[in-house]
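The numbers here are math on the coordinates, done by the rules we state, and not lab data. Remember, predicted model here, so these are calculated numbers, not experimental data. Every residue, glycine as well, gets a Cβ built from its backbone with ideal geometry; the counts of neighbours run over all protein chains shown.
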Amino acid sequence: MLKLLKYSLYNILRTRFTLLYFGFLLLATFAIYSLDHDLARVSLSLLNVVLLVVPLICIVFATVHFYNSYEFIELMLAQPVNRTTVFMSQILAVGISLSLAFMGGIGIPMLIYGGEASMIYLLFVGVMLSLVFTGLAYLASVMTRDKAKAIGITLLFWVFFSLIYDGLVLFMIYVFYDYPLENATLAMVMLNPVDLARVIMLMQLDVSALMGFTGAFFQNFFGSIRGTLISSGVLLLWILIPVYFALRVFKRKDL
Amino acid sequence: MRKFESYRLRWFPMVFGMMALLLVANAAGASSPTKHFVSEGESISEAIERAVKGDTLIIRAGYYEEHEIIIQKPLTLIGEGRPVIDAGDAGDIFLIAADSVWIEGFELKNTGFSSQNDNAAIRVFDSRYLTVEDNRIINTFFGIHLSNSQHISIRNNFLEAFEKRSHRTGNGIHLWQCDTALISANHVIGHRDGIYLEFAVMVETNRNIVENNNRYGLHFMFSHDNAYYHNEFRNNEAGVAVMYTRNVIMKYNLFEKSLGSGTYGVLLKDISNSVMKYNRIENNTTGIYMDGSNNNEIHYNLFRRNGWGIKLLTSNDGNTIEGNNFVGNTFDISTNGRLVTNSLERNYWDKYEGYDLDGDGYGDIPYRPISLYSTIVERIPSAIILWRSFMVSMLDRAERVIPSITPENMKDLKPKMRPNDIDFKPE
């Protein structure tokens, strides 16, 4: 497993894409830091990067990488290695390299310019989102043989989670605003990893506004560390479940 | 010549006699105050009984179980080594109805709760020239309770109560129908209202720390011509609420951590002709909530990390909001209608995205502080869960370009490009 992981990481490094990604994040973060002097605003700008750019790049790169290393996977499977090991080493290699690129790209400027507590959450959320979308990319990839189709599916995932879903929730809220919606909206948020990441950050950046809720359940959720823990837990499920299904499909798949 | 001398001699004993008489009168009278000492085991009430007008009582360190200590003559009571007076939940400790009383250096505790009586550590009626200084008032229903009194000084006291059931808590420093008072450098924790003023005029309140109270940190009504400087109001259950008052000055105060719905950094209800300057308003759900308030100047304050910086209802008129810094608030300003009769000028808004081509330090395009989404959240509170999503940011941006729902005239024509330089702590 470790050996395979090493080779997979080596493969990724050779494509230089993660280095490019790292460089892009580094530049963007430096730019944001030099434009804004208020740390609160820096976190906000970075939040937009984390919520929009990170999922997109992760999901597209992971998909492309899966197809690019298709032959490598086939070769490995011809050896006496089990499928789980091959698959997991691949997905871990992608996940680790993307997370490291992200942590470096955002984290290094933070170390230089300084940050605040909310930025630690930002790093955490970014890494979690990288892993979630890597998992989703692999799920989409194992479902189809066609690379173009897979990229199409993954882009759909991205558009859906970053944009369409929130539109639907907003619509729901508007239509049913006569009803007590607190718990329903919270449940809906749980069904979208991007929203979960956003809510974790909201609890850092906008806790004063969130405390304006009348519902006791909301107060409880937002007013303590519990909300962050629950959201992080569900986000973790968002990593594990797609990977589990992808693995299941991959194991039975006729390559 | 002889005649004249005899005349002088005849007068001499008379003058001497009168002088002697005066001296005697002086010795018995006010100009020679006696010191009485009270030690543990003796009764403070009895010592007060024995003392005459103007005397000083030194209460020595120790533990005194007494309540309803009635003072009806000018006296100075000084605790030496902080004597403890424990009322054992039986009621008031000092009851004062006299001018020129001075209470200093005590620890007063356990007045107990009463639904009939406002039990207080120090309760004052119809008095003038009162000083309450350097006392520790622990676990009392009301702390210092004054009514119908003038020329009062309450300084350096520490008041703490522990009752959490709100109907069983009383106010820390409570002034009703008072005139000319100084409330300075007190620390009030865990009461119902930290400082409560009703019909109290000409009061200066400065350097107090009021925190973790069960209702308001500061609560006043009909208390005109008062000034509040350098106070800190923190983490009070319902924040600070001030009502029905004119000519108030609030400067250099800190209002922070008032979290929850119906909780306000500062609630201004029917406040007029008042000034709020150089205050820091941080981490509140609502920084300032203004309703029915007119002609106030809200200048050079810092609004930082509040849910809503200012909720400015349309019932307000003629207020000027100038030179403030709005930093890191979720929403800067919200309102409840389209009517705008208050002015915004020269504020710094961290969300401003304009430019300053002429380089005068002010943005060239006006800033609209009301976000579309804040009006949606106002109507549907749970919609806040979508705040900062891409979808919502797009909606907000579109609205700012072409205002359709938010009031078109609510705008800062001269938004600052850089934060206003405000000194919050001049001594």
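Provide, for the stretch A:2-252, the number of lysine pairs with alpha carbons under 22 Å apart, each pair being eight or more places apart or on different chains.
Summing the qualifying lysine pairs gives 4.
Reachable aspartates and glutamates from B:Lys164, Cα under 15 Å, same-chain residues fewer than 8 places away excluded?
Within reach: B:Asp193, B:Glu211, B:Glu237.
Rounded to whole Hz and in sequence order, give me ³J(HN,Hα) for the stretch B:338-350 from the Karplus expression 6.51 cos²θ - 1.76 cosθ + 1.60, θ = phi - 60°, writing x for Gly and Pro.
The phi angles translate into 9, 6, 10, 10, 10, 10, 10, 8, 6, 7, 9, 10, 5 Hz.
Quantify how strongly other chains surround peptide B:376-383 by giving the mean number of their Cβ atoms within 10 Å of each of its Cβ atoms. Before the final figure, lay out the partial values.
Values: counts 4, 2, 0, 2, 8, 10, 14, 7.
Mean inter-chain Cβ contacts per residue within 10 Å come to 6.
Can you give the Rg and Dmax of the stretch B:23-140 based on its C-alpha atoms, in angstrom?
Calculated on Cα positions, Rg and Dmax stand at 14.3, 53 Å.
How long are the three semi-axes of the equivalent ellipsoid of the protein assembly as shown, in whole Å, if each is the root of 5 times an eigenvalue of the C-alpha gyration tensor, listed from largest down?
Numbers: eigenvalues 971, 161, 95 Å².
Output for the protein assembly as shown: semi-axes of 70, 28, 22 Å.
Using the per-residue mean of other Cβ atoms lying within 10 Å as a proxy for protection, in what order, highest first, do the peptides B:159-172, B:96-109, B:295-308 fall?
Details: B:159-172: 18.1, B:96-109: 20.6, B:295-308: 24.0.
Listed from highest to lowest mean packing, they are B:295-308, B:96-109, B:159-172.
Can you tell me which of B:364-377, B:192-205 comes out highest on packing, and rank the rest after it, using the mean Cβ neighbours within 10 Å? It would help to have the intermediate numbers written out before the result.
Details: B:364-377: 21.1, B:192-205: 23.9.
So the peptides B:364-377, B:192-205, ranked by packing, come out B:192-205, B:364-377.
Could you tell me, in Å, what Rg and Dmax come out for the Cα atoms of chain B?
28.7, 118
Net charge around B:Met243, counting only other residues with Cβ within less than 13 Å of its Cβ (Lys, Arg = +1; Asp, Glu = -1)?
-2
Using 1/(1 + (r/R0)^6) with R0 = 22 angstrom and r between the beta carbons of B:Ala227 and B:Asn336, what's the FRET efficiency to the nearest 0.05? Numbers along the way, then the final one.
Details: r = 31 Å, r/R0 = 1.39.
Efficiency computed from Cβ-Cβ geometry: 0.10.
Quick one: if you stick a label point 7 Å off each Cα along the C-beta vector at B:Glu297 and A:Tyr177, how many nm between them?
Simple spin-label model gives 3.9 nm for this pair.
With a bin width of 10 angstrom, please list the P(r) values of the stretch B:227-340 as percents of all Cα-Cα pairs, from the 0 bin to the one holding the largest distance.
In order of increasing distance, the bins hold 17, 53, 30, 1 percent.
Let me know the whole percent of all Cα-Cα pairs from the stretch B:279-427 that are separated by more than 25 Å. Each step should come with its number before you reach the end.
Details: 2632 of 11026 pairs.
Counting pairs separated by more than 25 Å, the tail of P(r) holds 24 percent.
Quick one: P(r) of the stretch A:55-182 from all Cα-Cα pairs, 5 Å bins, percents rounded to integers, in order of increasing distance.
The percentages, shortest bin first, are 2, 10, 16, 15, 15, 13, 11, 8, 6, 3, 1, 0, 0.
Roughly how crowded by other chains is peptide A:167-180, in terms of the mean Cβ count from those chains within 10 Å of each of its Cβ atoms? Please list the in-between numbers first.
Values: counts 7, 1, 5, 10, 0, 0, 6, 4, 0, 1, 6, 1, 1, 1.
Rounded to a whole number, the mean comes out at 3.
What length, rounded to one decimal in nm, is gained on full extension from A:Leu2 through to A:Leu191, with 0.36 nm per residue of separation minus their alpha-carbon distance? Can you show the working numbers first?
Numbers: separation 189, 0.36 × 189 = 68.04 nm, distance 3.34 nm.
Working it through step by step, the gained length comes to 64.7 nm.
For the stretch A:2-252, what is the convex hull volume of its Cα atoms per residue in Å³?
Working: hull volume 34.1 nm³, N = 251.
Given the Cα convex hull of the stretch A:2-252, per-residue volume reads 136 Å³.
Select from A:Ala117, A:Ala93, A:Ala62 the residue whose mean-square fluctuation is largest in a Gaussian network model of chain A (Cα-Cα springs shorter than 10 Å).
A:Ala117
Hey, which lysines would be in cross-link range of B:Lys411, C-alpha to C-alpha under 19 Å, not counting anything within fewer than 8 residues on its own chain?
B:Lys311, B:Lys351
Leaving out same-chain residues fewer than 8 places away, which lysines sit with a Cα under 26 Å from that of B:Lys53?
B:Lys35, B:Lys73
Can you show me the helix-derived [θ] at 222 nm for the protein assembly as shown, built from DSSP H runs with n ≥ 4 at -39,500 (n - 2.57) apiece and divided by the number of residues, rounded to the nearest 500.
Values: 18 runs with 265 residues, N = 682.
After summing the helix terms and dividing by the residues of the protein assembly as shown, the value is -12500 deg cm²/dmol.
Compute the length gained on full extension between A:Ile112 and A:Arg252: take 0.36 nm times their separation in residues and subtract their Cα-Cα distance, giving the result in nm to one decimal. Working shown, then result.
On the way: separation 140, 0.36 × 140 = 50.40 nm, distance 4.82 nm.
Working it through step by step, the gained length comes to 45.6 nm.
If I take all pairs of Cα atoms in the stretch B:103-185, what percentage of them are more than 22 Å from each other? Mind showing how you got there, number by number?
Details: 678 of 3403 pairs.
I get 20 percent for the Cα pairs in the stretch B:103-185 exceeding 22 Å.
How high is the relative contact order of the stretch B:125-201, in percent, with contacts defined as C-alpha pairs under 8 Å that are six or more residues apart? All intermediate terms of the calculation are to be shown ahead of the outcome.
Working: 202 pairs, mean separation 24.9, N = 77.
Across the stretch B:125-201, relative contact order equals 32 percent.
How far is the Cα center of the stretch B:208-236 from the Cα center of the stretch B:89-157, in Å?
19 Å
Specify the residue with the greatest mean-square fluctuation among A:Asp178, A:Asp36, A:Asp206, computed from a Gaussian network of chain A linking alpha-carbon atoms under 10 Å apart.
The residue that fluctuates most here is A:Asp178.
Using r as the Cβ-Cβ distance of B:Ser343 and B:Met417, and R0 as 25 Å, what FRET efficiency do you calculate, to the nearest 0.05? Before the final figure, lay out each step's value.
Details: r = 20 Å, r/R0 = 0.78.
The formula returns an efficiency of 0.80 here.
What three numbers, in Å, describe the spread of the alpha carbons of the stretch B:130-289 along their principal axes, ordered from the longest?
35, 34, 24
So between B:Asp356 and B:Tyr129, what do we pick up on full extension, going 0.36 nm a residue minus the alpha carbon distance?
Details: separation 227, 0.36 × 227 = 81.72 nm, distance 5.76 nm.
Full extension of this stretch gives 76.0 nm more.
Restricted to Cα positions, what overall size does the stretch A:113-199 have along the principal axes? Three whole-Å values, descending.
Here the Cα extents, ordered largest to smallest, are 47, 42, 18 Å.
Taking each residue of A:198-210 in turn, how many C-beta atoms of other protein chains fall within 10 Å of its C-beta, and what is the average?
Numbers: counts 6, 5, 0, 1, 7, 0, 0, 5, 10, 6, 19, 16, 8.
Per residue, the number of nearby Cβ atoms from other chains is 6 on average.
Report the one residue of B:Ile144, A:Tyr165, A:Pro80 whose Cα lies farthest in the direction of the positive end of the charge dipole of the protein assembly as shown (charges on C-beta: Lys and Arg +1, Asp and Glu -1; origin at the Cα centre).
A:Pro80
Can you list which of the DSSP-assigned H helices in chain A have a Cα extent of 30 Å or more along the long axis and an average Kyte-Doolittle score of at least -0.5?
Passing helices, by number: A:83-113, A:117-143, A:225-252.
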